[in-house]
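J.: I am attaching a structure below and will ask some questions about it afterwards.
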Amino acid sequence: MPLSIHKQIRHSSLGTDLGDGHIDLLATIATPVHYSSGQVVFSEGSAANAVSVMCAGKVALDMHVPVRGSVRILTLGPGDLLGWSAVAGDGVMTSTATALEDTDVLSLPMASLRQLCDADHTLGYALMTLVARSLAKRLRGTRLQMLDLFSETQPISNPPSGSVHR
């Protein structure tokens, strides 16, 4: 028997720092969504109108890189935040997300989530903390990708003596 939406939120990364009242609020707007293995969750450049918390499964995030084509930048799993671009408010997804296996998420429509956060700043702070953690993870992944991308280049030599570093 599947967990209730309230329990799914409680056991997710989103519910970690929230009390029951906030979880109840999120449960009113959350929708469980299932993606089959191979299904595209969203495409790079598409509208960013919802953020999701992964409950089960794995999702690959790929970006189009000129000359190289599609490049895998990160794989997400249970507890990870999917679609943080919606929270950032720029309105556009920055990567393509594809389910690598059957995946279950709780989708939170951004318009409704923004209304809840505007009305309750404690909830908004908890959400922004989760987004910050997610972005930090993405930045680490990006740095590792950059190291891999430039692994065949020579290291930067020491600057000549007398050079000033800023």
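The values are calculated or read from the model by the stated rules, or taken from the named source; none is laboratory data. Just so you know, these numbers come straight off a predicted model, no measurement behind them. Please note: Cβ atoms are built from the backbone with ideal geometry, for glycine as well, and neighbour counts cover all protein chains shown. With ligands, DNA and RNA removed, areas are computed over all heavy atoms of the protein, side chains included. Shrake-Rupley method; radii C 1.70, N 1.55, O 1.52, S 1.80 Å.
J.: So if I check each of Gly38, Gly19, which one is farther than 21 Å from Ser85 by Cα and modelled with pLDDT of 90 or more?
T.: Answer to the selection: Gly38.
J.: Within the stretch 65-81, is even one residue in a helix (DSSP H, G or I), more than 20 Å from Gly15 (Cα to Cα), open to solvent by 30 Å² or more (accessible area, probe 1.4 Å) and touching a residue at least 40 places away in the same chain (Cβ under 8 Å)?
T.: no
J.: Check Thr103 against each of (1) farther than 16 Å from Ala60 by Cβ; (2) open to solvent by less than 30 Å² (accessible area, probe 1.4 Å) and name the one condition it does not meet.
T.: (1)
J.: For the stretch 40-64, which residues satisfy the criterion of being closer than 14 Å to Arg138 by Cα and open to solvent by 40 Å² or more (accessible area, probe 1.4 Å)?
T.: Residue satisfying the conditions is Met63 alone.
J.: Restricting attention to the stretch 110-136, which residues are touching a residue at least 60 places away in the same chain (Cβ under 8 Å), open to solvent by 50 Å² or more (accessible area, probe 1.4 Å) and either out of contact with any helix residue (DSSP H, G or I) (no Cβ under 8 Å at 6 or more places or on another chain) or not in a helix (DSSP H, G or I) (or both)?
T.: Ala111, Arg133
J.: Would you pick out the residues in the stretch 85-100 that are surrounded by fewer than 20 Cβ atoms within 10 Å (Cβ to Cβ), in a loop (DSSP other than H, G, I, E, B) and among the hydrophobic types (A, V, I, L, M, F, W, C)?
T.: The one that is surrounded by fewer than 20 Cβ atoms within 10 Å (Cβ to Cβ), in a loop (DSSP other than H, G, I, E, B) and among the hydrophobic types (A, V, I, L, M, F, W, C): Leu100.
J.: Looking only at residues that are of a type outside the set (Asp, Glu) and without any contact (Cβ under 8 Å) to a residue 60 or more places away in the chain in the stretch 17-32, which one is farthest from Gln115 (Cα to Cα)?
T.: Here the answer is Gly19.
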